[in-house]
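Written out below as structure tokens is the structure these notes cover.
The values are calculated or read from the model by the stated rules, or taken from the named source; none is laboratory data. A quick note: this is a predicted structure, and the numbers were derived from the prediction, not measured. A quick note on method: Cβ atoms are made from the backbone with ideal geometry, for glycine too, and the neighbour counts reach across all protein chains shown.
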Protein chains: 2
Amino acid sequence: MNFPSQDELVLLPLGGAGEIGMNFNAYGFGPPDDRKWLIVDCGVLFGRETDTPGVDLIMPDIRYLAEQRENVLAMVLTHAHEDHIGAIGHLWPDLKCPIYATPFTARLIVDKLAEVGLIDRARVNVVPLGGKLKFGPFDIEYISITHSIPEPNALAIRTPLGMVVHTGDWKLDPDPLIGDPTDGDAFRRLGDEGALALVCDSTNALVQGHSGSEARVKESLSQLIGTLKGRVAVTGFASNVARLDTIAKAARANGRDVALVGRSMHRITGAAKATGYLADFPTTIDEADAAHLPPSRVLYLCTGSQGEPRAALARIASGDHPNVALGPGDAVIFSSRIIPGNDIAIHELHNKLSALGVEVLTVEDHFVHVSGHPCREELSEMYRWVRPKVAVPVHGELRHMSEHARLARSLQVPQAVVIENGQMLRLAPGRAQVIDEVPSGRVHLDGRVKVEAGVGVARNRRAIGYAGFIGITLVLDQKGRIAGEPAIMLEGIPEAVHGDIHDAVAEAVRRYNPKKGDEDALKEAVRRAARRRAADVWGKKPVTRVEVIWI
Amino acid sequence: MNFPSQDELVLLPLGGAGEIGMNFNAYGFGPPDDRKWLIVDCGVLFGRETDTPGVDLIMPDIRYLAEQRENVLAMVLTHAHEDHIGAIGHLWPDLKCPIYATPFTARLIVDKLAEVGLIDRARVNVVPLGGKLKFGPFDIEYISITHSIPEPNALAIRTPLGMVVHTGDWKLDPDPLIGDPTDGDAFRRLGDEGALALVCDSTNALVQGHSGSEARVKESLSQLIGTLKGRVAVTGFASNVARLDTIAKAARANGRDVALVGRSMHRITGAAKATGYLADFPTTIDEADAAHLPPSRVLYLCTGSQGEPRAALARIASGDHPNVALGPGDAVIFSSRIIPGNDIAIHELHNKLSALGVEVLTVEDHFVHVSGHPCREELSEMYRWVRPKVAVPVHGELRHMSEHARLARSLQVPQAVVIENGQMLRLAPGRAQVIDEVPSGRVHLDGRVKVEAGVGVARNRRAIGYAGFIGITLVLDQKGRIAGEPAIMLEGIPEAVHGDIHDAVAEAVRRYNPKKGDEDALKEAVRRAARRRAADVWGKKPVTRVEVIWI
């Protein structure tokens, strides 16, 4: 039996529709009870100490697809940023599908799989730039675009029910330094062919104008470095290979040798060279040798622009880097923006550098950075090229996606739909609409263990982080009588409150009548007495547990 | 005996020299063994969930002055912001000195003292604008200036060894709307008289140009509100009374009635009216009545611009405000900047408003806010007026103070000194220099209890917030033998790790030999076994405690 009329084309974001990070989109094709799935990107979100203390990485909950993994045809990656590939090593075992990426991206994915011991099981297939793939109903064409990393790709995904243009992360740059400028004609041809939907980056949908050109950053950085006399350190994202090249050449133009400082600087430049980039990158010198050169002849290219405590720049600022020391007369250039949530850590780094007498130069006062995401003029250009029937903003928080949708409507896109993770959007047939809501959410990488966010492990830690912990253990003998003294653990509770809590426990224990009471009633009475006393005296209600040992 | 030659004039910041907030400066005069002290400002810093989870307020550690409180002559306040007066209610009991402030500031201090039940003990003396005070060697003149609150004051502090100009928080505004424009002549006269030191606000020392005029915000806001059709809510700091007036008049100019929403809006406008401000403030309507007006006739003036979870705007955005509801077609204007550390909370608020279909307008795209602190052009102007021998930047992190000092030197101030909290700077006689380092630091208001930061209560909570907690209680009988089963509490540790930790405890207990072992050895062995197993399996080392109950 075959009812082709039942076929549907759906988009199911499980990450990225509601946050910048954790990008994970699935395209489904087929009848509702037998959809084939194509996954585009598989990224992480970085945990924040406020919301999720102790959680390094956050990943999408993909159980819905894992349960039907025999229908998952492939995972294709648009580019190598962590928010697009970072979860592969953790989620691939639930999917076991083939992986496809262009050479530079593929190389970094292989590194990632090797780290988690999956290199012999997960197969990474290399797609040439501009390459085409076919998986069941999905015909995929890679289209080179520009972003802040080598080999960013948009995807044209053709299906029997129409074509989706999935942009990945992108910007327009007439002179990107690495890779060709974006081929507007290619997107215009997709528009001429007829695009059902444009699924597009929303990161800068709130920002007027144009993101700016890397070539202008190069000029500006070169000029700025020319004004500096002492040692210069420049920090930025290692994955922005064009920026590394920019900085290295600006250094050379000013007679400075470049030393790479920080593990990812070496890792990324290695991967870039191995895949044919950075052919004319200046020869770098060892960071230890750089210390012996005159200050005016050195430029350190450092990791740590976001204030990461273990990165090179943080160690330099704290004076405990083994090979690099900066002091009065030296300067640090932050060739990067402040990612939301990192401001305090970055300012702390600025303060430490200031304390050393180092001058700090940032994007606030100098033209030393451009964004890798499209601002409103670029988004408008893309909509003029592709002319989709439906705009589906992704890669943004709700505020970005809502404004992106508003912009698309203002450009006369017939329909713009804001969906959240887990909402299944039918793109065809008919007008686009949400037809289902599937289990979704976040999974924490907590230490080395994956934990569903909903279980509340991090939430419990956060509660103790706020209000402290009371742990009380009582001993009961075989007649149910209290034996010995209660053991009371008070964590994160001011000393001044301890006596009161001890008193409350003692009173509650005295009130216990072994003839009437049972263990649960005793535990609950003690728990409530301790917690209430803490609240009365201290003003906070600690997380409180009571255990009983029977002897 | 009298050796006037021994007299020294010193500045001792105990807060604010190293952070924006917690301002607390002490001026000392006399011989080293008998200095008289004048305190200028007594503010708080707000705690951050990352560094100090569960701490609402942070105050300076003033034990050095408390120990010699008979020599503390007075506390004078420059203006009523929390980072200048917020600690009075908590620290005054350690000082018990008279308090002096201008009328509006005094009124808010009285409110604060009433809250903590000190109103009958602490005396607040009202100083008229431009008033003069004399305490021992200190002759003090209040000089009106401009800032983002009514009645900001600089202080000219004259002593037998010279005059200090202490700016407080300030800016220059040709048309401040409340209060007169800053009287440049007054500062020029101080310069003519001869100023030893300028102790000056560093907040915007990294910002080029000029902070801008409130009158221009008024024009711009009025125009912007004119373009909006639905309900409009504007949020900003309640203490910025000129801004409240600006917004209310922009509302009236567009035919909108104003409703105040949020407790501090009512509290501050009340204090302002009671002290003679806001005489022509439009009559406000009740927030409940406003709901019955056509959307185009209403403007809500709301607290909560920093994403504070219990403030009016957060409740509106969550749809649980009793009287105010916003939806599609409505707009919220953030007439404020993002204070560092608040970006995530503010963005979350934007996301919630976007989810309701509300348009969010901010300083990113609209001219709806100006800073209350001097940018570099204003700082330069002040230095040209006062021409001090010594510049002492305060009210800033190290990065702000360092750059401020660099600016002062570029303006040919002979000496610019960056000092940190607890460093005692001798201003006269002789060249300014640090002559002592006194006990200083931070005190947390943790719940309702004051705790020295160094004690580590918040640090312990933060450690548990990151790595969880293991609490183990063992029972020993009178022969030192283990009785019953160990009670194990595991908090914030993934379920998948629990079995391993239980096993490790059981193994350690089995290895215990009551004939040889002692209690401490047992506890340490169990503690290490549990913690090590958690580290091996999970990758994190929980805070771990072991208690023993003897029966």
Going through segment A:329-361 in order, the residues found to be in contact (Cβ under 8 Å) with a residue 60 or more places away in the chain and not in a strand (DSSP E or B) are A:329, A:330, A:335, A:336, A:341
Within segment B:378-398, residues within 14 Å of chain A (Cβ to nearest Cβ) and either in a helix (DSSP H, G or I) or small (Gly, Ala, Ser) (or both) come out as B:396, B:398
The condition from (1) at pLDDT below 95; (2) crowded, with 24+ Cβ neighbours inside 10 Å that residue A:279 misses is numbered (2)
With criteria (1) among the polar types (S, T, N, Q); (2) within 14 Å of another protein chain (Cβ to nearest Cβ); (3) closer than 16 Å to residue B:21 by Cα, residue B:50 comes up short on (3)
Using the structure shown, decide if residue A:111 is touching a residue at least 60 places away in the same chain (Cβ under 8 Å) and acidic (Asp, Glu). yes
Of the residues in segment A:11-38, those that are touching a Gly at 6+ places or on another chain (Cβ under 9 Å), assigned to a strand (DSSP E or B), crowded, with 22+ Cβ neighbours inside 10 Å and more than 13 Å from chain B (Cβ to nearest Cβ) number 10
**Request:** Answer with yes or no whether residue A:77 is modelled with pLDDT of 95 or more, within 30 Å of residue A:454 (Cβ to Cβ) and crowded, with 24+ Cβ neighbours inside 10 Å.
**Result:** yes
Residue A:372: passes all of (1) modelled with pLDDT under 95; (2) more than 10 Å from chain B (Cβ to nearest Cβ) but (1)
- Do the conditions hold for residue A:41, that is, is it in contact with a Phe, Trp or Tyr (Cβ under 8 Å, 6 or more places away or on another chain) and surrounded by fewer than 20 Cβ atoms within 10 Å (Cβ to Cβ)? no
Reported set for segment B:166-177 where residues are surrounded by 19 or more Cβ atoms within 10 Å (Cβ to Cβ) and among the hydrophobic types (A, V, I, L, M, F, W, C) is B:170, B:172
Residue count, segment B:246-268, condition surrounded by fewer than 23 Cβ atoms within 10 Å (Cβ to Cβ) and either outside the structural domain of residue B:322 (by TED's automatic domain parsing) or out of contact with any strand residue (DSSP E or B) (no Cβ under 7 Å at 6 or more places or on another chain) (or both), comes to 8
Reported set for segment B:266-310 where residues are among the polar types (S, T, N, Q) and either more than 31 Å from the chain's Cα centre (by Cα) or closer than 28 Å to residue B:229 by Cβ (or both) is B:269, B:283, B:284, B:296, B:303, B:305, B:306
In this structure, does residue B:264 turn out to be assigned to a helix (DSSP H, G or I) and over 23 Å from residue B:111 (Cβ atoms)?
-> no
From the option list B:463, B:467, B:458, single residue qualifying as closer than 30 Å to residue B:439 by Cβ, in contact with a Gly (Cβ under 8 Å, 6 or more places away or on another chain) and in contact (Cβ under 8 Å) with a residue 60 or more places away in the chain is B:458
When restricted to B:457, B:418, B:438, B:413, the only residue more than 30 Å from residue A:491 (Cα to Cα) and facing chain A (nearest Cβ under 9 Å) is B:418
- Quick one: would you say residue A:184 is closer than 26 Å to residue A:381 by Cβ, assigned by TED's automatic domain parsing to the domain that holds residue A:392 and of a type in the set (Gly, Ala, Ser)? yes
Residue B:402 fails exactly one of (1) part of a strand (DSSP E or B); (2) touching a Gly at 6+ places or on another chain (Cβ under 9 Å); (3) free of Cβ contacts under 8 Å to residues at least 60 places away in the same chain; (4) not basic (Lys, Arg), namely (1)
* Take residue A:475 and decide whether it is farther than 30 Å from residue A:63 by Cβ, of a type in the set (Val, Ile, Thr), facing chain B (nearest Cβ under 10 Å) and touching a Phe, Trp or Tyr at 6+ places or on another chain (Cβ under 9 Å). => yes
Counting only residues in segment A:90-130 that are exposed (fewer than 14 other Cβ atoms within 10 Å of the Cβ) and of a type in the set (Gly, Ala, Ser), the one farthest from residue A:183 (Cα to Cα) is identified as A:117
Condition set in contact with a Lys or Arg (Cβ under 6 Å, 6 or more places away or on another chain) and away from chain B (no Cβ under 14 Å), scope segment A:179-229, selection nearest to residue B:361 (Cα to Cα): answer is A:211
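Which is buried (at least 24 other Cβ atoms within 10 Å of the Cβ), over 30 Å from residue A:37 (Cβ atoms) and either under 24 Å from the mean Cα position of the chain (by Cα) or more than 11 Å from chain B (Cβ to nearest Cβ) (or both), of A:344, A:333?
A:333
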Scanning segment B:478-515 for residues that are within 12 Å of chain A (Cβ to nearest Cβ), within 53 Å of the chain's Cα centre (by Cα) and part of a loop (DSSP other than H, G, I, E, B) gives B:492, B:493, B:494
Among strands (runs of 3 or more DSSP E) entirely inside segment A:162-237, those with 1 or more residues being over 30 Å from residue A:412 (Cα atoms) and over 23 Å from the mean Cα position of the chain (by Cα) are A:232-235
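Table: residues versus (1) surrounded by fewer than 17 Cβ atoms within 10 Å (Cβ to Cβ); (2) out of contact with any helix residue (DSSP H, G or I) (no Cβ under 7 Å at 6 or more places or on another chain).
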site: A:151; (1), (2): no, no
site: A:164; (1), (2): no, yes
site: A:181; (1), (2): yes, yes
site: A:184; (1), (2): yes, no
site: A:198; (1), (2): no, no
site: A:210; (1), (2): no, no
site: A:229; (1), (2): yes, no
site: A:232; (1), (2): no, no
site: A:236; (1), (2): no, no
Per the list (1) within 13 Å of chain B (Cβ to nearest Cβ); (2) under 30 Å from residue A:380 (Cβ atoms), residue check on residue A:464 breaks on (2)
* To do: Would you mind stating whether residue B:122 is at pLDDT 95 or above and not charged (D, E, K, R)?
  => no
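Residues to consider are A:526, A:546; find the one that is more than 8 Å from chain B (Cβ to nearest Cβ), under 17 Å from residue B:549 (Cβ atoms), in contact (Cβ under 8 Å) with a residue 40 or more places away in the chain and in a strand (DSSP E or B).
It is A:546.
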